[in-house]
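Derivation of every value follows stated rules applied to the coordinates shown; laboratory data play no part. Remember, it's a predicted structure, so these values are computed and weren't measured experimentally. Note that we place each Cβ from the backbone using ideal geometry, even for glycine, and neighbour counts take in every protein chain shown.
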Amino acid sequence: MTEISDNLREVWGYVLATAPSGQTITIGQIVSVVLLLAIGYLGSKLIGYWLGRRLASTSLRPDIVHILKRIAFFVLIVLVVMTALSLLGIPLTAFAFATGAIAIGVGFGAQNIINNFISGWILMAERPIRIGDFIEIDNTYGAVEVIGNRSTRIRRTDGVHLLVPNSQLLERTVVNWTLIDREVRTTLRVGVAYGSPVRKVAELIMQAIREQPECKAEPHPSVVFEDFGDSALIFDAYFWCDVGGEKFLREIRSAARFRITELFEENGITIAFPQRDVHLDIRHPLEVNVLPGTRAPAR
């Protein structure tokens, strides 16, 4: 046992390299650093997860919790790396020149990655979009789920996940439906047949709108007699809803149309449809020309 212990001690203290200053790097130091980095990384992940669980039970928004988790993770990683360097006896000043050279090389070779990384932190600092917001970008609608280091994950209304580079969220026009509040105004158009009682039509449309639980009393909904159409009298209803996206607006408008149809049927009002009146003038007999080689039609 003594001989095995001596052999292990000898391998553990075997010098791999010697710095000009006389500092030596042994196998034991390398193994310790690797274990420290692995344990530190896993520990940082676990601490971030635990911190997120604790903060999630508070009144903080999900995006604030996400920011605090990322800050805690990166701070712990920096501390682990500094501790690893101290175990190797390497001062931070030794990396000053190397860090500058690496930064220049990375700046030229990984511009997009760095741009997206910095954009991610800008998004979390300025908060033009937050986790849980319903946004529109390039005619795509979805809810923000994660703001990552390189990209932001958006869940579209059809359930498909969309990964958008963080820089594009800063450079392009993004419509945030829930940035300040969840109030959205929508419009519903109805056409009724000519001859319908227009005052009664407006009252029934307003009744159907007010019966929707998502419709807000303030600002007041309104019904406008918009136009005399080709085949219908056109009415537009304007009302505000407290919703989180286009999908919910479509459901509200659908429910209002169902109710309008029921009220119109109860009151004998017809919803218009395109139609044309054709008039034939048969006061003069039609002349029939028979082509050569053909028979005249039987009378």
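Annotations for the structure displayed:
- For segment 185-236, taking Cα atoms only, Rg and Dmax work out to 11.6, 34 Å respectively.
- Sites Asp236 and Ala125 - FRET efficiency at Förster radius 45 Å, r taken between beta-carbons, to 0.05: 0.60
- With 0.36 nm allotted per residue and the present C-alpha distance subtracted, the Lys216-Thr261 stretch has 14.0 nm of extension available.
- Under 10 Å, Cβ to Cβ, from Leu163 - net charge with Lys/Arg +1 and Asp/Glu -1: +2
- FRET efficiency, Ser86 to Asp138 (Cβ-Cβ, R0 51 Å, nearest 0.05): 0.55
- Residues whose amide H lies under 5 Å from that of Gly148, counting only those 5 or more places away or on a different chain, are Arg153; hydrogens are built 1.01 Å from N in the peptide plane.
- Contact order for segment 183-266, expressed relative to its length and based on alpha carbon pairs under 8 Å spaced 6+ residues apart, stands at 40 percent.
- Note, ³J(HN,Hα) from phi for segment 179-190, Karplus 6.51, -1.76, 1.60, rounded to Hz, x at Gly and Pro: 5, 9, 8, 10, 7, 9, 8, 10, 10, 10, 10, 9
- Distance distribution note for segment 133-192: the fraction of Cα pairs above 15 angstrom is 55%.
- Placing a pseudo-label 7 Å from each Cα along the Cα-to-Cβ vector at Arg199 and Asn149 gives an inter-label distance of 7.0 nm.
- Packing-based order for 259-266, 176-183, 64-71, using average beta carbon neighbours within 10 Å, highest first: 64-71, 259-266, 176-183
- Theoretical gain in end-to-end length, Thr157 to Asp181 [0.36 nm per residue, Cα-Cα removed]: 6.7 nm
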